[in-house]
Structures are given as structure tokens and as C-alpha cells.
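Encoded as C-alpha cells, the structure appears first; notes follow it.
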Amino acid sequence: MEGKKYYITITGISHYGGCEMFRPGMPLSLVKDTDNCYDDEAISVYSEKGCRCGYVANSVHTTARGTFSAGRLYDKFVDEAPARVLFVMPETVIAEVWTRKGKDNGIIES
């Protein structure tokens with residue numbers, strides 16, 4: 001991994017199977033949810049099997065201290081970015097977004 005590290009809180013997991021589906025090291029895909037009528041900066045989180053498993057938190061009430069909200073992360077990648085699970089807690093999952101130099105997959109670092 002190169003560049004700055006971005007950590008995120010994944011919320012809404014109780015609507016998609018709960019914490020039991022997550023494990024540390026598990027690869028994830030972050031996809032901008034441009035059709036979300038409730039949040040213009042919504043970022044969906046998908047499992048390695050392509051199933052939606054939550055959203056990147058975008059509220060001061062749901063974003064864990066030290067993690068980026070969806071709003072802060074939204075403009076840092078084009079459409080999709082890879083991530084991996086770091087910690088699984090009873091109602092929250094913390095993940096790290098993979099960064100790359102240049103314009104390939106992930107957060108674009110200049």
C-alpha cells in the first residue's frame with residue numbers, strides 16, 4: 001500500500017446480515033451509490049462475493065473517531081475503490097481503503 005491511509009466506518013450492517021459476515025482481512029469494494037435518494041455522497045460497501053453489506057458512515061453520529069466519512073472520501077476516487085476489513089465490533093466494522101499512486105483502482109494520490 002502506498003500513500004496516505006484512509007480508514008472508514010461501515011454502518012447499516014444490521015440490514016445486510018450483521019457483523020457475522022465480516023472477518024479481519026476480508027476484501028471489500030466501495031462503490032459510489034449515485035442513485036441514493038437520501039444521501040448525495042452515499043458509498044455502498046460490497047463483499048468479495050458482490051453482495052451489498054453496508055454503507056460508509058456519513059454522519060457524526062455513526063462515523064468512528066479517526067475514520068473518514070463518506071462525504072470526506074467521496075471525491076477521492078472515481079467510481080469504485082478497494083478496501084479491507086481491519087476490525088469487527090458488535091455493531092460496527094472499521095476498514096482501510098487501499099490507495100495507489102496514479103489513476104488505477106483505489107484512492108487517487110498525487
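Any residue in the range 39-48 that is without any contact (Cβ under 8 Å) to a residue 60 or more places away in the chain, farther than 21 Å from Val78 by Cβ, surrounded by fewer than 20 Cβ atoms within 10 Å (Cβ to Cβ) and not polar (S, T, N, Q)? So far as the range 39-48 goes, no, none of its residues is without any contact (Cβ under 8 Å) to a residue 60 or more places away in the chain, farther than 21 Å from Val78 by Cβ, surrounded by fewer than 20 Cβ atoms within 10 Å (Cβ to Cβ) and not polar (S, T, N, Q).
Which of the residues belonging to the range 1-17 are closer than 21 Å to Arg65 by Cα and either surrounded by fewer than 14 Cβ atoms within 10 Å (Cβ to Cβ) or within 15 Å of the chain's Cα centre (by Cα) (or both)? If you could, list the steps in order and put the result at the bottom.
Residues of the range 1-17 that are closer than 21 Å to Arg65 by Cα, as a first pass: 3-14.
Within the range 1-17, Lys4, Lys5, Tyr6, Tyr7, Ile8, Thr9, Ile10, Thr11, Gly12, Ile13, Ser14 qualify.
Cβ separations smaller than 9 Å between residues 6+ apart or across chains give the following pairs from the range 15-31 residues that are over 18 Å from Thr99 (Cα atoms) to residues that are at pLDDT below 95 and in a helix (DSSP H, G or I): Cys19/Ile13; Met21/Ile13; Phe22/Ile13. I'd like to know if the range 65-86 contains one or more residues that are touching a Phe, Trp or Tyr at 6+ places or on another chain (Cβ under 9 Å), part of a loop (DSSP other than H, G, I, E, B) and loosely packed, with under 14 Cβ neighbours inside 10 Å. Yes, because at least one residue in the range 65-86 is touching a Phe, Trp or Tyr at 6+ places or on another chain (Cβ under 9 Å), part of a loop (DSSP other than H, G, I, E, B) and loosely packed, with under 14 Cβ neighbours inside 10 Å.
The values are calculated or read from the model by the stated rules, or taken from the named source; none is laboratory data. Please read all numbers here as calculations on a predicted model, not as lab measurements. Note: ideal-geometry Cβ built from the backbone for every residue, glycine included; neighbour counts use all protein chains shown.
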